[in-house]
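Notes to accompany the following structure.
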Amino acid sequence: MSTSVPLIVRLLASSVSVAGRAGKIVRDVMSKGELGIVEKAKDDYQTEADRSAQRCIIASLSAQYPKINIIGEEDNPDNEGDVCSDWLTIDADKEVLRLECPSELQGIKEEDIVVWVDPLDGTSEYTQGFLEHVTVLIGISVNEKPVAGVIHQPYYKNVGSENKTGRTIWGLQEIGVGGFTPAPPPNSLIITTTRSHSNPVVEKALQVMNASQILRVGGAGFKVLQLLEGKASVYVFASPGCKKWDTCAPEAILSAAGGKLTDILGHNYKYGASEPRPNKTGVLAAVNADLHNYALNRIPQELKEKLANK
Ligand code: AMP
Ligand code: MG
Ligand code: MG
């Protein structure tokens, strides 16, 4: 790969390729049928697919970018061990390699970057057979801000080319989104939210939205895809359950498409390596600033305070 390509563009191109490789691991584990489910905490699961996909992504990226801090969801004792050569991917997506470098990111060094990896977002749905909800997330942050990201959907059915499974969507600050064409928002207010991690506070924040429809699906990645596809216009989750690896890639891509992702109080999360992992004050995302503002204003102050003081 030519080193004349700016660092952020090379890293995004590598991330697109390795996300596709990780997606194949996710499908292979499911086809073999030995999921190796571990309960990490209440309602929080890990499978062999989560573990293997993370090893593939971290080993592949750290071999090429040794000074980048890469943080993965899975606390995997054998993260540092040997990774089979079949999992080591040093390919880089050719279309992404041709992108212009955003002016703000021209001089950055590996040390300025933190990469947040969710090797399998939507594990509950994966174990329950809702495979379309599953995504692989690689988020790239520079000086605490998400600037680029990849959402790979391993089970997406490509209409018209049935032998090609999966799709990869990327976003880059100032440049835009690739891998598919975003659609305009629906005419009425459609909200997307959690399928498997609800509670009374989450439900209260949904009730006040006055939505025409509420979609309940798995994964932060899949919900942001629904926003980009025009299937929903706002994503509301008034709970501390999401982590930095859930929101970094989706936030970067949504922002590159003109949308906005914050916490329930309207504040941006920071993505530096020392930031706490949980997104304690929830997630509020919308396809544009007006809808984000609408949703933010509808959430009662006492609910905002409840999350902030937890
Ligand atoms: P969901 O919208 O429920 O599919 O959640 C999006 C992401 O946040 C997934 O990676 C979930 O595992 C994570 N998450 C949300 N709520 C919780 C929770 N209560 N416990 C553990 N993980 C959660
Ligand atoms: Mg996740
Ligand atoms: Mg995960």
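The values are calculated or read from the model by the stated rules, or taken from the named source; none is laboratory data. Quick caveat: nothing in here was measured; it's all calculated off a predicted structure. Please note: Cβ atoms are built from the backbone with ideal geometry, for glycine as well, and neighbour counts cover all protein chains shown. Side chains included, ligands, DNA and RNA excluded: accessible areas come from the protein's heavy atoms. Shrake-Rupley method; radii C 1.70, N 1.55, O 1.52, S 1.80 Å.
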At a 1.4 Å probe, what is the % contribution of carbon and sulfur to the accessible area of the chain? 48
At q = 0.13, 0.16 Å⁻¹, base-10 log of I(q)/I(0) for the chain (Debye sum, equal scatterers on each alpha carbon): -0.88, -1.36
Which of the aspartates and glutamates could a cross-linker span from Lys306 if the Cα-Cα distance has to be under 16 Å and same-chain partners fewer than 8 positions apart are dropped? Glu203, Asp263
Applying the gyration tensor rule to the Cα atoms of segment 190-308 (axes a ≥ b ≥ c; rounded if a/c under 1.5, else prolate if a/b exceeds b/c, else oblate), the class is rounded
Show that you can apply the helix-only estimate: for the chain, add -39,500 (n - 2.57) for every DSSP H stretch of four or more residues, divide by all residues, and state [θ] at 222 nm to the nearest 500. -10000 deg cm²/dmol
Sort segment 69-208 into rounded, prolate or oblate with this rule: let a ≥ b ≥ c be the square roots of the eigenvalues of the Cα gyration tensor; rounded if a/c is under 1.5, and if a/c is not under 1.5, prolate when a/b is larger than b/c, oblate otherwise. rounded
Order the following by accessible area, largest value first: Arg10, Arg167. Probe radius 1.4 Å; ligands, DNA and RNA are ignored. Arg10, Arg167
Show the residues, 5+ positions off or on another chain, whose built amide H is closer than 5 Å to the amide H of Leu120. Leu137
The answer for Phe180, listing residues at least 5 apart or on another chain whose modeled amide H is closer than 5 Å to its amide H, is Trp170
Over the chain, what is the relative contact order in percent, taking alpha-carbon pairs closer than 8 angstrom and at least six residues apart? 17
In debye to the nearest 20, how big a dipole does the chain give about its Cα centre with +1 on each Lys and Arg Cβ and -1 on each Asp and Glu Cβ? 660
With springs connecting C-alpha atoms under 10 Å apart, model the chain as a Gaussian network and identify which of Leu228, Leu291, Leu137 has the largest mean-square fluctuation. Leu291
Placed amide H near Asn69: partners under 5 Å, 5+ positions off or other chain: Ile113, Val115
Roll a 1.4 Å probe over the protein chains and send me the accessible area per residue for the chain in Å². 43
Flagged links, alpha-carbon separation over 31 Å, of Lys40/Lys109; Lys145/Lys310; Lys231/Lys280; Lys32/Lys223; Lys42/Lys109: Lys40/Lys109; Lys42/Lys109
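What does the C-alpha gyration tensor say about the overall shape of segment 1-101? Classify as rounded when a/c is under 1.5, otherwise prolate if a/b is larger than b/c, or oblate.
Details: a/c = 2.28, a/b = 1.93, b/c = 1.18.
Verdict is prolate for segment 1-101.
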Looking at the chain, do any whole DSSP H helices span at least 20 angstrom along their long axis by alpha carbon and average 0.0 or above on Kyte-Doolittle, and which? 7-32
Rounded to the nearest 20 Debye, what is the dipole magnitude of segment 190-308 about its Cα centre when Lys and Arg each give +1 and Asp and Glu each give -1 at the C-beta? 220
